[in-house]
Each structure stands twice: as C-alpha cells, then as structure tokens.
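A short write-up of the structure that comes next.
The values are calculated or read from the model by the stated rules, or taken from the named source; none is laboratory data. Fair warning: this is a prediction, and the values are worked out from it, not measured in the lab. With ideal geometry, Cβ positions are generated from the backbone for all residues, glycine too; neighbour counts draw on all protein chains shown. These area figures cover heavy atoms from the full protein model, side chains too; ligands, DNA and RNA do not enter into them. Shrake-Rupley method; radii C 1.70, N 1.55, O 1.52, S 1.80 Å.
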Amino acid sequence: MSSKKKRRRLRIHLPKIQQKDAPKKKRKKRQRYRLTKSGWIFVGSVAAIVLAIFLIIFIPRSRQNKALKTLGYDKATIKVIREQKLTDTLIEKQYYSDYLAQCINDGTLNMDYLPYYTVVKVSDGFDAKDFLLINRLMDKGYEEDQIQNLFKNLQYWEMTPLLIYDYQPIEQNYIDDCIAHEDVNSQDHFELSNDYYKEYSNSRAADSSQVDMLVNKTWYLSEDYTPENLTDLSSWYAAAGQQLAGVAAEAMQAWGDAGRAVGVTFYAASAYRDYDSQKNVYDNYVLGMGQEAADAASARPGFSEHQTGLTVDIAASNEDDVKEYKDTKAYKWTSTNSQNYGWILRYPEGKEAITGYEFESWHYRYVGVELAQAVYASGMTYDEFWSLYLKPWDNEACKPTQEILDASAWNKASAENESGEASPSPSASPAQ
C-alpha cells in the first residue's frame, strides 16, 4: 500500500474513532466563592481579636520588661521574675537591689519579707534571725517603712536595743544618734546621747514560774513572791546566811568547785533578798545619792533580780590586795567561764545604755547552762536576748511562721561560741 493511501486511511479512520469512541469532553468551569457581607464582618472580627490579643499580651509585656530593666534587672532575672509571678509587685512598688536580684535568681527569696530585701547589701544578706528581728520590731509597733529605714542605716546590734526601749515614733532620731556614735560603738560597747527608755513605766508582771524569767526596770515580781526550794548556801560558797533557789544553789556549788580547780576562789557575798530587804537597800541609796543616781545603782523593790533567788553578788577570796572585783583574778575567770555553769554577767561594761545599770562586775544571774552559753555567744545583754527570743508576743499577728521560729531558735546555736567552736560543758575541765 502506498504512503498516500495510508495517509488517507488515517485521515478517514481517526476522525471516526474520535467521534465514536472518544467523544469530546466539556471543560468544567471553576467555581468562584464570594464572601457575603456577614462573612466579611466575621473575618474582620477574628482579625481584630487576634490583633487585640497581640496588643494585650505582647505590648504590655514589652513595657513591663522595659520597666524591670530600668529598675536594674537583667534579661535572665526578668525571666525568673515572670516565672515567679513577681512582675506586677516589683514594678508597682519599684523594688530593686542587687541582693533582691540575687535572691530571686537563687530561689532564696522569702516573700513575707520582700520590702526589706531592697535595703540590704549583698555583703550583709538576710537570714532567719533578721526575719525574727523584723517581726519583733513589728510587735513593738514599728511600721514597714520604719523598719526598712532601720535596716538600711543600722547594724543588727544597733537595732536590738530598740526591743528594750520605748517605741520611737521618729526612728530617724535614734538612727542619727547611733550614727553619731559609730566611731566608738561596737557589739561590745554601746552608748547614746539621748534617752529612749522611760524606766519603770508600763511595768509588767514577770513570769516567775520560769528560770529564764526577765526582771528589770519593766518586768517585776510581786511583793509576796518567794522562790521555790530556797536553799542555804554552804560557807564554802557564800557569806553567812545566804540563800538561793535550789537549782541555782547547786549551780553555785559547781561553779565554785570549777574555780577552785584552777586556783580561783570566790563566794556569794549577797544572794536572795525578799521584797522588804530590797526596799531597804534601795531607800538607803536614795537617801545617800538621790533617786536618779540610786536608779542607776540599785533596783527598786519588786524590780530586783535578787528577789528571784537566781542572782548572786560575788566577791574574790584570797585577793585582799585588790579592792574592786573587776580587777581581780576571779573576775577574769568568772566573766569568761560563768556561762559553762549556767551563769551570765548581768550588767556588763559598756552596755549601761541598754541595761539601765552601771557596770557591775560582781553581779551574776543563773539561767541554766544552755541558755547562758547562748547569751554569751550572742554578745547581747540578757534584756536584748530575752526580748528577741523568749518574750511572749503581744500581737500574735506579728509572730513569724513556725519555719522562721525553728530556723532562728536560740538553742540551735547555743553550743557554739564566738569562734564557731563548741562550748565546753559544765563537766569539762575549766580553762584558766
């Protein structure tokens, strides 16, 4: 077959196939969707909501970050601040300090004391005893801003006397007085120019059932109070006719024996005095030097520690060439070892502005070994120590959490002396 015929056949054949077997398909028209007016309104609403969420979340967040950065917080700390939900509080109160930032980062921040972190230096830091002092100052009547001012300007040992003093409505006056004496004051010596304590005012009954009772120019004993188990002291340890409460009498003997073991001898020249005996002593002071001077040298009846039966005035034996007890060998030993036998030097030198009494090197008070060691290690007067750790709370709302009370409990550290070493027990060999 010629090629011409083939081409013809193809021309004839193919159209037939297309017509019969492969009919031409109709092209479908693409469907177009058009939003109605209500549809456009819906889309616009969704877009508006998304935009609003963006504005509500991200713009304020950016502004907050900027505010925190302005206060002094870095990017990493800001992240932690957000995680701890502190953002609003810190910005609203304008709280910042290097120490606060540090505590936020390391997770040691105690939110109950947040305002006070702003005035504390990193080198000073905060611990449970600081929190306890804050609560005690609150219980005394001080407001948050006053306590902030005190912590900002004073050392710990400059604030504890405020627990003894009357409430100071203008705390700045007290701060200025402390600052004026910063060259001479220390934890061992404290003096002020002004008087912050009205003696014998607002007097309160002491809890005479406790060996650790505080008796001073605020806390008193009733006229008819007599210690339980009054015991006569042996002539080996006291002048004739002296008595002490039973527990103190035993401690006096142990103390005296320990002194003799290292060649130190002393005795109780005066011990228990009842109300009437103290009245006679005080009245004689008033006659001899006037009431103001008498109040610095002697306690008014009812306000004397001698009535507790837990107090002695001691004198040195075999040191006749020395007139004052503070210059004796006995004083050097008793003043540094008494705590190991339950006794404390009650009116130490340099603390007259706190105790309200002149230095009495001979006056010792029995409180028990553990407590005496804690008081000695603290460097505080017994008035301060008792008011910080032992005093009943006037306002229970000011009382800190049990966690703070447990962490700051005085008996946790009572076995440590100022060097951080364990204090010797009464049975240990006494030091010379």
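Couple of notes before you dig in:
- On full extension, the segment bounded by D195 and T226 gains 7.8 nm, given 0.36 nm per residue less the C-alpha separation.
- For the residues V119, V211, a 1.4 Å probe over the protein chains yields an accessible-area ranking, largest first, of V211, V119.
- Translational diffusion of segment 77-162, µm² s⁻¹ [Kirkwood Rh, Cα pairs; Stokes-Einstein; 25 °C; 0.890 mPa s]: 182 µm²/s
- Distance in nm between pseudo-label sites at S203 and E250 (7 Å out along the Cβ direction from Cα): 3.3 nm
- Length-normalised contact order for segment 212-253 - Cα pairs under 8 Å, 6+ apart - percent: 31 percent
- Cα gyration tensor, segment 287-328 - rounded (a/c under 1.5), prolate or oblate: oblate
- Cα gyration tensor shape for segment 105-261, rounded if a/c is under 1.5, else prolate or oblate: prolate
- Estimated FRET transfer efficiency when R0 is 51 angstrom, pair S317-N173 (beta carbons, to 0.05): 0.60
- Working value for segment 311-382: equivalent-ellipsoid semi-axes of 20, 15, 9 Å, each the square root of 5 times a Cα gyration tensor eigenvalue, largest first.
- Relative contact order of segment 335-374, taken over Cα pairs closer than 8 Å and 6 or more residues apart, is 48 percent.
- Radius ratio Rg over Rh of segment 263-339, counting only Cα atoms, Kirkwood formula for Rh: 1.04
- Taking 27 Å as the limit for the C-alpha separation, the pairs K129/K332; K152/K399; K198/K326; K93/K391 exceed it in the case of K129/K332; K198/K326; K93/K391.
- Calculated from backbone phi, Karplus (6.51, -1.76, 1.60) coupling profile of segment 114-130 in Hz, x at Gly/Pro: 3, x, 7, 5, 6, 10, 9, 7, 4, 5, 8, x, 10, 9, 4, 5, 5
- Amide H within-cut-off set for T231, under 5 Å, with H built and near neighbours excluded: L244, A245, G246
- Length gained when the stretch K326-A67 is fully extended (0.36 nm per residue, less Cα-Cα span): 87.1 nm
- Three-way shape call for segment 207-321 based on the alpha-carbon gyration tensor, with the a/c threshold at 1.5: oblate
- Whole-Hz couplings from phi, Karplus 6.51/-1.76/1.60, listed for segment 250-255; x for Gly and Pro: 5, 5, 5, 5, 5, 5
- Where GluC sites (Glu not before Pro) fall in DSSP loop in segment 64-167, at most 13 other Cβ within 10 Å: E143
- Full extension of the segment from V211 to Q84, taken as 0.36 nm per residue of separation minus the current Cα-Cα distance, would add 41.1 nm.
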